Amino acid sequence: MTARVPAKVNVQLAVGGRRPDGFHGLANVFLAVGLHDEVTASPASPADGGQGPQLTVSGPDARHVPLDGSNLAARAARLLAERHGREPHVRLHIAKDIPVAGGMAGGSADAAGALLACDALWETRTSPDELRALGAELGSDVPFALVGGAALGQGRGELLTPLETGGTFHWVFAVADGGLSTPAVYRECDRLREAAGTGADADSVPEPRPSQDLLDALRTGDAAALAAAMANDLQAAAVSLRPSLTDTLKTGTAAGALAALVSGSGPTCAFLARDSGSASVIAAALEDSGHCRAARVTTAPASGATLVE
């Protein structure tokens with residue numbers, strides 16, 4: 001069984017203060033985009049190499065994907081098996097196309113794909129609500145990879161409210177060399193807030209809330225209005241840790257992007273384009289600049305995790 005799963009961009013990422021449990025409250029507006037991984041689940045037996053899922057990976061950046069028990073797709077398969085009282089005897093193959101450690105939730109997408117593909121392979125008939133609950137145990141972005149489209153994520157990002165979208169949005173993603181650690185970016189966000197004198201804990205930072213202008217722009221399909229409302233509270237921290245991202249953002253903006261921002265915790269940068277022609281021009285400028293490893297053109301919204309033949 002093969003599941004196709006989308007990447008995401010955060011068109012708004014409002015980050016609250018650090019809570020006592022170490023997490024941050026979020027108002028996280030997800031938009032699924034048309035870059036996908038595929039996760040294939042096949043039968044395996046204990047004689048094939050042990051109790052846990054067996055992993056293989058292909059595609060760009062495959063060498064950077066862990067093949068041990070830390071892999072989110074493997075953890076997803078084990079969690080689903082435990083929930084249904086069975087052994088996780090399965091082969092998982094991940095065909096990567098989502099940038100690794102790029103702020104586009106590729107690992108979370110793979111976990112969502114593994115949940116869906118293993119559930120179909122094992123015929124465990126897990127309900128969509130339970131799959132999302134299992135996904136939330138694995139990571140804040142996993143439930144959205146199952147749902148796709150557009151959604152508001154609250155709590156740690158895992159409490160989803162679907163959002164209406166009124167059209168197609170054109171995007172360019174500038175893929176950087178190397179990754180950024182999400183925990184490190186959050187720590188840097190806290191450090192910058194403390195250095196600015198505002199404080200970083202939950203009592204010092206306003207409760208994060210979604211922008212009504214941004215939600216309206218998604219609903220009406222108005223790219224210019226969406227561009228004006230997009231924001232990422234982690235961007236300053238990502239740029240602080242990777243100053244070269246400033247040049248990438250400036251290049252895409254100079255080439256005609258309606259808006260530019262770091263995607264999630266980075267280091268991938270996202271550029272909203274007026275139309276497909278403009279997106280091609282922006283991508284060419286980014287690739288010619290030498291400020292990124294590759295530029296990918298796609299559209300949004302995209303469907304969530306889906307079984308394919």
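All of the numbers you see were taken from the coordinates with simple rules; none came from a lab. Note that the structure is a prediction, hence the values are computed from the model and not measured. Cβ coordinates were reconstructed from backbone atoms using ideal geometry, including for glycine residues, and neighbour counts include every protein chain displayed.
Descriptive notes on the structure:
- Any hit, the range 225-233, residues being touching a residue at least 60 places away in the same chain (Cβ under 8 Å), closer than 24 Å to Pro162 by Cα and not aliphatic (A, V, I, L, M): yes
- Leu218 being outside any loop (DSSP other than H, G, I, E, B) and surrounded by fewer than 21 Cβ atoms within 10 Å (Cβ to Cβ): no
- Tabulated pairs, the range 173-201, first of a type in the set (S, T, N, Q), second surrounded by 21 or more Cβ atoms within 10 Å (Cβ to Cβ) and not in a strand (DSSP E or B), C-beta under 6 angstrom, 6+ apart or interchain: Thr182/Ser265
- The listed residue being in contact with a Pro (Cβ under 8 Å, 6 or more places away or on another chain) and either surrounded by fewer than 24 Cβ atoms within 10 Å (Cβ to Cβ) or small (Gly, Ala, Ser) (or both), out of Ser263, Ser280, Ser276, Ser303: Ser303
- Candidates Asp177, Asp233, Asp203 - the one that is under 30 Å from Arg132 (Cβ atoms) and surrounded by fewer than 22 Cβ atoms within 10 Å (Cβ to Cβ): Asp233
- With a requirement of 2 or more residues that are of a type in the set (Asp, Glu), none of the strands (runs of 3 or more DSSP E) lying completely within the range 72-177 satisfies it.
- Restricting the range 161-172 to residues that are surrounded by fewer than 21 Cβ atoms within 10 Å (Cβ to Cβ) and in contact (Cβ under 8 Å) with a residue 60 or more places away in the chain, the residue that is nearest to Gly256 (Cα to Cα) is Thr168.
- Pair list, Cβ under 9 Å, 6 or more apart: the range 257-277 residue within 14 Å of Ala300 (Cα to Cα), other residue among the hydroxyl-bearing types (Ser, Thr, Tyr) and not in a loop (DSSP other than H, G, I, E, B): Phe271/Thr253; Ala273/Ser280; Ser276/Thr299
- Taken over the range 264-309, the criterion of being of a type in the set (Asp, Glu) and closer than 19 Å to Ala225 by Cα is satisfied by Asp275 alone.
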